[in-house]
Amino acid sequence: MKKIIMDVDTGSDDALAIMLAILSKKLEVEAICSVEGSRPAENAADNTLRVLHLLNREDIPVYKGCTAPMVKSIYKDRLNIWEERYRPEYPIRERVRFHIDFDYLEPSEAGYQNITALEFYLDYLRRSEEKVTIVATGPLTNIGMLLRAEPRVVDRIEEIVVMGGGYDISNVSSSAEANFWRDPEAASIVINSGCNVLLVPLDATHKAYITAAEADVIEKTGNDIAAFAAKLIRQRILAHNISQPLEEPESAAIHDALALCYLLDPEVLRDVREVHCEIGLRDFSDGQTIIDPRYYDEQHNCRFAFSADRKRFIDLVTETFRKSAEVIS
Ligand code: BDR
Ligand code: CA
């Protein structure tokens with residue numbers, strides 16, 4: 001079975017990715033590391049632990065990761081206003097969230113491990129005999145730090161599957177996707193590390209949206225896990241409707257789940273091309289995904305999924321949740 005480490009900022013769609021990884025029974029989840037992103041690293045670790053408790057998989061260790069990006073100093077002022085931004089006096093567009101902490105799920109007694117995500121990665125990768133795949137669905141801070149601390153780990157990593165970036169689509173600024181915008185330097189380090197990197201950007205995830213009717217079908221498979229999955233999808237639909245409407249009404253992009261599903265069925269991604277990608281590091285280009293358009297440039301540093309097969313993705317997600325009752329019991 002393929003061994004994976006997940007690096008998450010859980011997070012609604014991160015939670016769906018975690019559930020799919022575990023429920024598929026096709027991947028061995030070695031550990032989950034949190035990182036500051038959609039939620040603070042501490043909350044992301046706690047949210048992850050609650051999901052593992054729901055799935056009865058608290059044997060999977062959770063490590064708290066970096067609490068700020070590698071370089072960006074404006075981050076704390078601009079983004080770490082988690083609660084402030086959602087106060088009632090703010091317009092509704094600001095207040096409806098894609099990501100809410102999972103306080104309504106039972107807490108886990110496991111707690112996160114007492115070493116940091118960076119310490120875990122270094123130790124694990126030095127000792128592991130097999131190569132491991134990393135699925136990163138938050139800012140790339142932990143992995144950027146890892147590659148700076150010990151560049152030789154590149155040889156121990158099979159592939160890094162990253163949800164991040166956007167060629168024709170952005171979501172957090174006029175030029176950038178959220179995960180890359182939050183830590184552009186880390187994204188740049190990972191993409192240029194020499195690792196086998198696959199980017200699953202907004203161009204692909206927006207093609208693989210899930211509708212409210214499809215969330216109902218998932219819920220009807222009838223257990224707590226499927227109900228939680230449907231709840232997360234509906235939360236995302238609400239947020240999309242208000243702040244980022246998609247072409248298809250009453251639907252949501254489930255970005256991180258698509259990235260994970262690539263490991264279950266690579267055909268969910270379409271138009272995957274070797275490209276040379278750089279990340280903008282300042283001003284209007286901050287966090288921008290810059291794909292070199294020169295066809296004669298062969299200095300490719302990653303693969304980039306320009307599209308996705310929506311039906312294949314939905315069928316995989318629905319079937320995995322349908323089977324979840326049997327898998328968990
Ligand atoms: C990415 O940002 C986060 O909000 C989501 O979880 C996803 O990883 C989409 O831009
Ligand atoms: Ca995420």
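The values are calculated or read from the model by the stated rules, or taken from the named source; none is laboratory data. Because the structure is predicted, anything quoted here is derived from the model rather than measured. Backbone-built Cβ (ideal geometry, glycine too); neighbour counts: all protein chains shown.
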*Restricting attention to helices (runs of 4 or more DSSP H) lying wholly within region 105-218, give those where 2 or more residues are under 18 Å from the mean Cα position of the chain (by Cα) and within 16 Å of ligand 2 (Cβ to nearest atom).*
141-149, 178-182, 184-191, 202-205
_Out of everything in region 244-288 that is among the basic types (Lys, Arg) and under 30 Å from Val71 (Cβ atoms), what residue ends up being surrounded by the most Cβ atoms within 10 Å (Cβ to Cβ)?_
Arg273
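Looking for something free of Cβ contacts under 8 Å to residues at least 60 places away in the same chain and either in contact with a Gly (Cβ under 6 Å, 6 or more places away or on another chain) or surrounded by fewer than 22 Cβ atoms within 10 Å (Cβ to Cβ) (or both) - is there at least one such residue anywhere in region 199-208?
If we filter region 199-208 for residues that are free of Cβ contacts under 8 Å to residues at least 60 places away in the same chain, which is where we start, we get 202, 206.
Okay, now just the ones that are also either in contact with a Gly (Cβ under 6 Å, 6 or more places away or on another chain) or surrounded by fewer than 22 Cβ atoms within 10 Å (Cβ to Cβ) (or both), so 202.
Scanning region 199-208, I find at least one residue that is free of Cβ contacts under 8 Å to residues at least 60 places away in the same chain and either in contact with a Gly (Cβ under 6 Å, 6 or more places away or on another chain) or surrounded by fewer than 22 Cβ atoms within 10 Å (Cβ to Cβ) (or both), so the answer is yes.
Yes or no, residue by residue, for (1) in contact with a Gly (Cβ under 9 Å, 6 or more places away or on another chain); (2) at pLDDT 95 or above; (3) in a helix (DSSP H, G or I):
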residue: Ala239; (1), (2), (3): no, no, yes
residue: Arg273; (1), (2), (3): no, yes, no
residue: Tyr296; (1), (2), (3): no, no, no
residue: Ser307; (1), (2), (3): no, yes, no
residue: Leu316; (1), (2), (3): no, yes, yes
residue: Ala325; (1), (2), (3): yes, no, yes
*Exclusive hit being within 28 Å of Lys26 (Cβ to Cβ), without any contact (Cβ under 8 Å) to a residue 12 or more places away in the chain and either in contact with a Ser or Thr (Cβ under 7 Å, 6 or more places away or on another chain) or assigned to a helix (DSSP H, G or I) (or both), set Ala227, Ala259*: Ala227
*Is there a residue in region 22-34 that is within 16 Å of ligand 1 (Cβ to nearest atom), among the charged types (D, E, K, R) and under 17 Å from the mean Cα position of the chain (by Cα)?*
no
*Could you say whether any residue in region 28-41 is in contact with a helix residue (DSSP H, G or I) (Cβ under 7 Å, 6 or more places away or on another chain), over 23 Å from Ala186 (Cβ atoms) and more than 15 Å from ligand 2 (Cβ to nearest atom)?*
no
_Candidate set: region 1-27, residues that are aliphatic (A, V, I, L, M) and within 12 Å of ligand 2 (Cβ to nearest atom); chosen: the one surrounded by the most Cβ atoms within 10 Å (Cβ to Cβ)_ = Val8
